[in-house]
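Asker: After the structure tokens below, expect a handful of questions from me.
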Amino acid sequence: MRLYTNPASPFGRKVKVLAHETGLFEHLELLDEVLTPVAPSDAVSAANPLGKIPCLVTKDGMALYDSRVICEYLDGLHGGRPMFPAEGGARWRALTLQALGDGIMDAGVATRYETFLRPEALRWPDWVQAQKLKIGRALDRLEGEAANRGDEPDIGLLTIGCALGYLDFRYAADTWRNGRPQLAAWFERLDARPSMQATRPRQV
Ligand code: BEZ
């Protein structure tokens, strides 16, 4: 299976982490694409008309996107403990945590584009501040719930891990751990997993 991704993308990392956790990583051929919303990749756009990564092309040629769809697809391919709980409260909790983590990543990536890609004269500080406030509220919610959180990963916890990893990668100066000791301690344990260590984000 071909995975179009980028070593800096937190959404691409989420797919790679899940593939490691489920023993599927060796079945992925990683195609690292350099792209932005204003400089798309022809190869990615041919597979995903939205021009976005990650995009998985399966063995039978089906193109899957976004990270939520790819992760659920991969989770159906292995015989181990499911990363998407099948039903009940565990399922809805995991999917909602996934949505929260995706939202943090969305806000972080949008801020990156606003502060790095957008021409300086067109930048809008209030908009950046609103994204950062959104991230802060999400982190406060996670801190409040951190004491009850187990260490057995599922799609929700892996997504939160990738979101926090992206904040460390792009926004280390914002020191998200300040005032959030429980979340910081939980992340330290998750981040030590081989799946997280093997997928550290990097600039290309
Ligand atoms: C980044 O450089 O932060 C980035 C690259 C690709 C996708 C998302 C984020």
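Asker: Of the residues ALA147, ALA173, only one is of a type in the set (A, V, I, L, M), at pLDDT below 95 and farther than 23 Å from ARG68 by Cβ; which?
Answerer: Values: ALA173 fails: at pLDDT below 95.
So the residue among ALA147, ALA173 that is of a type in the set (A, V, I, L, M), at pLDDT below 95 and farther than 23 Å from ARG68 by Cβ is ALA147.
Asker: Return the residues of region 52-69 that are more than 17 Å from the chain's Cα centre (by Cα) and either of a type outside the set (Ser, Thr, Tyr) or part of a strand (DSSP E or B) (or both); say none if nothing qualifies. Walk me through how you get there before you give the answer.
Answerer: Here is the first cut: in region 52-69, the ones more than 17 Å from the chain's Cα centre (by Cα) are 57-63.
VAL57, LYS59, ASP60, GLY61, MET62, ALA63, listed by residue number.
Asker: Return the residues of region 30-40 that are away from the ligand (no atom under 11 Å from the Cβ) and either within 17 Å of the chain's Cα centre (by Cα) or under 23 Å from GLY165 (Cβ atoms) (or both); say none if nothing qualifies.
Answerer: Scanning region 30-40 gives LEU30, LEU31.
Asker: Now for a separate question. Collect the residues in region 184-204 that are within 16 Å of the ligand (Cβ to nearest atom) and surrounded by 12 or more Cβ atoms within 10 Å (Cβ to Cβ), keeping them in residue-number order.
Answerer: In the first step, residues of region 184-204 are kept if they are within 16 Å of the ligand (Cβ to nearest atom); the result is 199-204.
Scanning region 184-204 gives THR199, ARG200, PRO201.
Asker: Another question, if that's okay. Filter region 32-50 for residues that are touching a Leu at 6+ places or on another chain (Cβ under 7 Å) and buried (at least 18 other Cβ atoms within 10 Å of the Cβ) and give the result.
Answerer: Answer for region 32-50, where residues must be touching a Leu at 6+ places or on another chain (Cβ under 7 Å) and buried (at least 18 other Cβ atoms within 10 Å of the Cβ): SER41, VAL44.
Rundown of residues vs (1) closer than 20 Å to ASP191 by Cβ; (2) within 16 Å of the ligand (Cβ to nearest atom); (3) hydroxyl-bearing (Ser, Thr, Tyr), yes/no style:
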{"site": "VAL17", "(1), (2), (3)": "yes, yes, no"}
{"site": "ALA43", "(1), (2), (3)": "no, yes, no"}
{"site": "HIS78", "(1), (2), (3)": "no, no, no"}
{"site": "LEU95", "(1), (2), (3)": "no, no, no"}
{"site": "TYR113", "(1), (2), (3)": "no, yes, yes"}
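The values are calculated or read from the model by the stated rules, or taken from the named source; none is laboratory data. All figures in this text were calculated on a predicted structure; none of them were measured in a lab. Backbone-built Cβ (ideal geometry, glycine too); neighbour counts: all protein chains shown.
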